[in-house]
Amino acid sequence: MTAPPSRRASARRDRAGYLFIAPFLIMFVAMLVAPLAYAGYLSLFREQLIGGVRFAGLDNYIQALSDERLLDGVLRVSRFFLVQVPIMLGLALLFALALDSGAMWLSRVIRLGIFVPYAVPGVIAALMWSYLYGPQFGPITQLAEALGLPAPDLLSSDVMLGSVANIVTWEFTGYNMIILYAALRAIPTELYEAAAVDRGGAVAVTVISVSYTHLPIGTQ
């Protein structure tokens, strides 16, 4: 007994889908999964001056987790995450709502200007910000000297975390803004009209917009 035509067509579509995603899966496994697995395998061994490479088990992990420098680094990254990410997403949402409102002049130019930092190559961005943060010749230093103020050392260990957070916010706010803006543009106009009829004002429209963009795909 042969399978129904619809079932055979569905099987062909499934095989075609697997063929389309096969190159990605091959590259993903070869370039990410396999190196991570090999690195995990190497982490179980220890190379000694006398005796060569020996199996160490979890001793390397225990030594690393008991290192105060690692714990300090984890706390520093956590502090960076808790401060920088909400600021970046808040700015992205603010820009997306302003562009979606239609009340902003030259919205396309402004949208492009906010997104451009994300398209700047990392090497160029590093050179540009190293010049801006330069303690001897940077424009921030020159401005402080012109105002008779002490030049801030934005690359010192005390403020380095904030300087890096500023660069990350500058670079990725536009990327997140585009995602939020695209989600806002997908919201039906009936929701805005309903909020206007109910006299909800801008706050209600904002809440509806944010809530709609976070709904599961199947409920939209």
### Task
Look at residue 108 and say whether it is open to solvent by 90 Å² or more (accessible area, probe 1.4 Å), basic (Lys, Arg), closer than 30 Å to residue 177 by Cβ and within 31 Å of the chain's Cα centre (by Cα).
yes
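Looking only at residues in region 152-171 that are polar (S, T, N, Q) and part of a loop (DSSP other than H, G, I, E, B), which one is nearest to residue 74 (Cα to Cα)?
Taking region 152-171 first, the residues polar (S, T, N, Q) are 156-157, 163, 166, 169.
With part of a loop (DSSP other than H, G, I, E, B) added as a condition, the list becomes 156-157.
Values: 156: 19, 157: 16 Å.
Residue satisfying both the conditions and the ranking: 157.
Inspect region 113-123 for any residue being surrounded by 16 or more Cβ atoms within 10 Å (Cβ to Cβ), part of a helix (DSSP H, G or I) and without any contact (Cβ under 8 Å) to a residue 12 or more places away in the chain and give the result as yes or no.
Pass one, region 113-123, residues surrounded by 16 or more Cβ atoms within 10 Å (Cβ to Cβ): 114-115, 117-118.
Of the ones still in play, those that are also part of a helix (DSSP H, G or I) are 114-115, 117-118.
Keeping just the survivors that are without any contact (Cβ under 8 Å) to a residue 12 or more places away in the chain gives none.
Within region 113-123, not a single residue is surrounded by 16 or more Cβ atoms within 10 Å (Cβ to Cβ), part of a helix (DSSP H, G or I) and without any contact (Cβ under 8 Å) to a residue 12 or more places away in the chain.
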### Task
From (1) of a type outside the set (Val, Ile, Thr); (2) touching a residue at least 12 places away in the same chain (Cβ under 8 Å); (3) closer than 30 Å to residue 187 by Cβ; (4) not in a helix (DSSP H, G or I), pick out the condition that doesn't hold for residue 135.
(3)
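Test residue 173 against the criterion of being at pLDDT below 85 and assigned by the TED database to the domain that holds residue 83, and give yes or no.
no
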### Task
Test residue 206 against the stated conditions and say whether it is modelled with pLDDT under 80 and touching a helix residue (DSSP H, G or I) at 6+ places or on another chain (Cβ under 7 Å).
yes
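What are the residues in region 29-54 that are part of a helix (DSSP H, G or I) and of a type in the set (A, V, I, L, M, F, W, C), if any?
29, 30, 31, 32, 33, 34, 36, 37, 39, 42, listed by residue number.
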### Query
Got at least one residue in region 137-150 being within 21 Å of the chain's Cα centre (by Cα) and surrounded by 14 or more Cβ atoms within 10 Å (Cβ to Cβ)?
no
### Query
Which one of 89, 82, 75 is part of a helix (DSSP H, G or I), under 21 Å from residue 116 (Cβ atoms) and within 23 Å of the chain's Cα centre (by Cα)?
89
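The values are calculated or read from the model by the stated rules, or taken from the named source; none is laboratory data. Because the structure is a prediction, the values reported are computed rather than measured. Quick reminder, even Gly has a Cβ in these numbers, built from the backbone with ideal geometry, and neighbours come from all protein chains shown. The area values use the complete protein model at the heavy-atom level, side chains included, leaving out ligands, DNA and RNA. Shrake-Rupley method; radii C 1.70, N 1.55, O 1.52, S 1.80 Å.
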